[in-house]
Amino acid sequence: MKRTLALVGAVAAFAFAGAAVAQKEQFVPANFYWVGPYAPGGSGFGGGIIDYMAMINERDGGINGVKLTWEKCETEYNNARGVECYERVKKKGPTGATVIHPLSTGITYSLIEKATADKIPLISMGYGRTSAADGRVFPYVFPLITTYWSQATVIIKFIGQKAGGMDKLKGKKIAFVYHDSAYGKEPIPVLTDMAKQYGYELIPLAVPHPGNEQQAQWLQIRQAKPDNVILWGWGVMNPTAIKAAAKIGYPREKIVGAWWSGAEEDVLPAGSAAKGYISAGFNLPGSDFPVMRDIKKFVYDKGKGEFEDKSRFGSIYHTRGVVAGIVTTEAIRNAQAKFGKGKPITGEQMRWGIENLNIDDKRLKELGAVGLMPPLKVSCLDHEGSGLVKFQQWDGAKWKTISDWMEPDRKLVRTKIEEDAAQYAKEKNITPRDCAKDSM
Amino acid sequence: MLYREAGQFKSTYAQDLQILPIAQDRVAMAVLLVVAFVVVPAVGDQYWLSALITPFLIFSLAALGLNILTGYAGQLSLGTAAFMGVGAFMAYNAMLRIPHMPIVGAFIVGGLCAAAVGVVFGLPSLRIKGLYLAVATLACQFFVLWAINRIGWLSNYSSSGVITAQRIEILGYAFDHSRDKYLLTLAVVSVMALAAKNLMRSETGRAFMAVRDMDVAASVIGIPMMKTKLLAFAISSFYCGVAGALYAYCYLGTVEPEAFTLDLSFRVLFMIIIGGVGSILGSFLGAAFITLFPIFLNLASKWLEHMLGIEMSHAVVSNSEAIIFGSLIIFFLIVEPNGLARLWQITKEKLRLWPFPH
């Protein structure tokens, strides 16, 4: 009987050889952007995540023998194209799309409901809807590592520290120059609340897309003479802002950028004007981390790799993509450990994998990524997992880290997250999950 | 040979006035409707329905709206995206704030609000024409986006200005599947396209065209300028508003104000220029070209890569798509400046003679 079964199995295996091979694959879509005004961010981040997956395939032969596969789809940072790409890739691979990194706050918003219905997790690492950190209302959305609201509180804290204590913020003026979009507006409620708490005056200044015209805003800054400027830009808006600041003679040391305003691509076009400019970040640049050296050895030295321009290797966007790769593959590994090693997992299982992800210092060391990213521990309640932010300063040639990992104001952020998530749940008639009961 | 009207006699005025006077056209239209309503939902998979055909229909409706204003009434407008935005946000507010609001009612509210905005921004058309009017409607584009961004009430005080469309339910049936949303969109678009076709054949439509061809002459023969122009703005904005509401409810689900930027206005304008200015069919052809063709190019480059077994750099592929798309637009405009609809018309005329050209 056993032999017959084996024989039947062998015949079946032979007949479906193609399918059987495909069964050992895990499909991760690469919906990023390689054209348009935001291409440096899209191609850098996308390059990082693909490079990391390629390295895992080359070095370890995949995850427990399951090869990672991917397919690129151009979203142009455009919501409609992003949705089209999502629909195109979601059924690909033996188990469908494992996880989606939309790499756009707008696309993330557009996909929240669709992905939840299709049971495909969304990882919006350092962008997207902040209140999705409440995993009870948003089971399939993970704004991992840190969110805009956490970042806003850390930036205020950083400015306070520089001023010599949070009480020194009283009476100070802080200008907030932001990209006039969902992305730029997201932190305003938190900044306003903190203004009340610490007694500083917030001057919000919107810059319309794409942000290459900012004279009016910087003229206002010149008149108001704020003590600090928070720059919340994206793409071409960042170097333009730095150049405009130099033009009116506003000291760059007093400008603090968000993490999407703090890459090499944001300061290099501004030339010497950018020297001294500070920005936040949740990952560090560099090509000396062991994991980056592995990518070099197993991918680039074999003539593969995503970047034709090798100077982009180890840049902020590149390592940010590598961090996304680490998070993705670790979650897959985690899910395999529970649902069967060496088998491709479904989106639903991946959701469990991300929700129970724990990348502590020990694991970071094994991954060769100590210092590249903060430790991460996700739970059903907390889909953010870390919240830590570091600050870096541009010295004219490279980014220099100038702070340790800094804690956000967790109480304030969490209260606002729960408020916003509760409102969403009410609008959508969602009953929040009970995290105590929910294990799957 | 097949497409010939010989032997089809008309004995009443009604027969003479019908939209499709030739029997073959009627059959073709009936087949098209059956395919759209029955075959497509039955065989189309989710990707085709939700990512390709539904947005195509929605943009057709927006292009149709602009075509009524620009193609038929001759008033150039760059405010299409703004009217769509008004439609989307007001439909959302109608659903949110009015208890037991039916979804179709919300679409109509969205459309009416857009029409009201359209009338206000159409007022300058009484004094200025052509490109100058386009600049005035540009003000509408910027003002509406500014208002949506700044007035918290419009987005229900969402911190990021993003609205999430409510669930669509008609008579207790929830429209969750992409097939349902496609059918709803198709029904709305078909009804409104039929209405537009008939409107353009009516006295109002002829008044629009008279204004377009020469407004001084039109006013001399007794066509009221103010009423006609503002009506054109109102009807056009209503169509765009409903298209915007469909965009939010049946397509994206979640909309940020940035979805309705000037870029979108230009896209819709290009649709009618390529499809055919002053043609209902042209709106559909143009929308198909602008929305579906880039995606087709994208897929085609993948197949090509697969078939030839070569690997091209993704950045090169993405950029060459834009180049091919742009050059095709220029090609079409040189070959047939009156748009794809005119090409279709020529084809039909040739078909009537075929296979005996003389």
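The values are calculated or read from the model by the stated rules, or taken from the named source; none is laboratory data. Values in this document were obtained by computation on a predicted structure and should not be read as measured data. A quick note on method: Cβ atoms are made from the backbone with ideal geometry, for glycine too, and the neighbour counts reach across all protein chains shown.
When residue B:15 is tested against (1) assigned to a helix (DSSP H, G or I); (2) polar (S, T, N, Q); (3) touching a residue at least 12 places away in the same chain (Cβ under 8 Å), only condition (3) is not met. Taken as a whole, segment A:91-104 holds no residue that is part of a helix (DSSP H, G or I), outside the structural domain of residue A:227 (by TED's automatic domain parsing) and within 28 Å of residue B:253 (Cα to Cα). Out of A:362, A:437, one residue alone is part of a helix (DSSP H, G or I) and either without any contact (Cβ under 8 Å) to a residue 60 or more places away in the chain or not basic (Lys, Arg) (or both). It is A:362. For residue A:206, the requirement of being free of Cβ contacts under 8 Å to residues at least 40 places away in the same chain and within 14 Å of chain B (Cβ to nearest Cβ) is met.
For segment A:377-388, the criterion of being assigned to a helix (DSSP H, G or I), more than 14 Å from every other protein chain (Cβ to nearest Cβ) and not aromatic (Phe, Trp, Tyr) is satisfied by no residue at all.
Flag: residue A:72 does not match the condition of being facing chain B (nearest Cβ under 9 Å), free of Cβ contacts under 8 Å to residues at least 12 places away in the same chain and among the charged types (D, E, K, R). Screening residue A:403 against (1) exposed (fewer than 14 other Cβ atoms within 10 Å of the Cβ); (2) in the same structural domain as residue A:153 (by TED's automatic domain parsing); (3) in a loop (DSSP other than H, G, I, E, B) leaves a single unmet condition, (1). Picking from B:320, B:301, B:265, which residue would you name as being at negative phi and surrounded by 24 or more Cβ atoms within 10 Å (Cβ to Cβ)? Matching residue, one of B:320, B:301, B:265: B:265. Residue A:408 is checked against (1) part of a strand (DSSP E or B); (2) more than 19 Å from residue A:322 (Cα to Cα); (3) not polar (S, T, N, Q) and fails just one. What number does that condition carry? All conditions are met except number (1). Please tell me if residue A:109 is buried (at least 24 other Cβ atoms within 10 Å of the Cβ), out of contact with any Lys or Arg (no Cβ under 7 Å at 6 or more places or on another chain), aromatic (Phe, Trp, Tyr) and within 12 Å of chain B (Cβ to nearest Cβ). No; evaluated as a whole, the condition is false for this residue. Taking the residues in segment A:75-85 that are outside any loop (DSSP other than H, G, I, E, B) and closer than 23 Å to residue B:312 by Cβ as candidates, determine which candidate is nearest to the other protein chains (Cβ to nearest Cβ). Checking each candidate, the answer is A:84.
Can you tell me which residues in segment A:130-153 are more than 23 Å from residue A:437 (Cα to Cα) and in contact with a Phe, Trp or Tyr (Cβ under 6 Å, 6 or more places away or on another chain)? Hits for segment A:130-153 are A:130, A:145, A:146.
Among the residues of segment B:148-174, those identified as at the interface with chain A (Cβ under 7 Å from one of its Cβ atoms), assigned to a loop (DSSP other than H, G, I, E, B) and touching a residue at least 12 places away in the same chain (Cβ under 8 Å) are B:160, B:161, B:162.
Filtering segment A:346-389 to residues that are in contact with a Cys (Cβ under 8 Å, 6 or more places away or on another chain) and small (Gly, Ala, Ser) leaves only A:379. Being over 19 Å from the mean Cα position of the chain (by Cα) and buried (at least 19 other Cβ atoms within 10 Å of the Cβ) is the filter here; which residues of segment B:181-203 pass it? Listed by number, the list is empty, since nothing qualifies. Of everything in segment A:23-41 that is part of a helix (DSSP H, G or I) and more than 10 Å from chain B (Cβ to nearest Cβ), the residue that is surrounded by the most Cβ atoms within 10 Å (Cβ to Cβ) is A:41. Scan segment B:21-30 and tell me whether some residue there is under 23 Å from the mean Cα position of the chain (by Cα) and within 12 Å of residue B:242 (Cα to Cα). No, segment B:21-30 contains no residue that is under 23 Å from the mean Cα position of the chain (by Cα) and within 12 Å of residue B:242 (Cα to Cα). Here residue B:329 passes the criteria (1) surrounded by 10 or more Cβ atoms within 10 Å (Cβ to Cβ); (2) β-branched (Val, Ile, Thr); (3) free of Cβ contacts under 8 Å to residues at least 40 places away in the same chain; (4) more than 14 Å from every other protein chain (Cβ to nearest Cβ) except the one numbered (3).
Total residues in segment A:90-106 satisfying the condition of being surrounded by fewer than 23 Cβ atoms within 10 Å (Cβ to Cβ) and closer than 24 Å to residue B:312 by Cβ: the figure is 2. For residue B:259, the test of being small (Gly, Ala, Ser), within 11 Å of chain A (Cβ to nearest Cβ) and surrounded by fewer than 23 Cβ atoms within 10 Å (Cβ to Cβ) is failed. The one condition from (1) at the interface with chain A (Cβ under 10 Å from one of its Cβ atoms); (2) modelled with pLDDT of 90 or more that residue B:177 does not meet is (2).
Elements of the type helices (runs of 4 or more DSSP H) sitting completely within segment B:201-312 and holding at least 2 residues that are farther than 18 Å from residue B:76 by Cβ: these cover B:203-213, B:215-220, B:225-246, B:280-287, B:293-308. Scanning segment B:213-222 for residues that are in contact (Cβ under 8 Å) with a residue 12 or more places away in the chain and surrounded by fewer than 19 Cβ atoms within 10 Å (Cβ to Cβ) returns a single hit, B:213.
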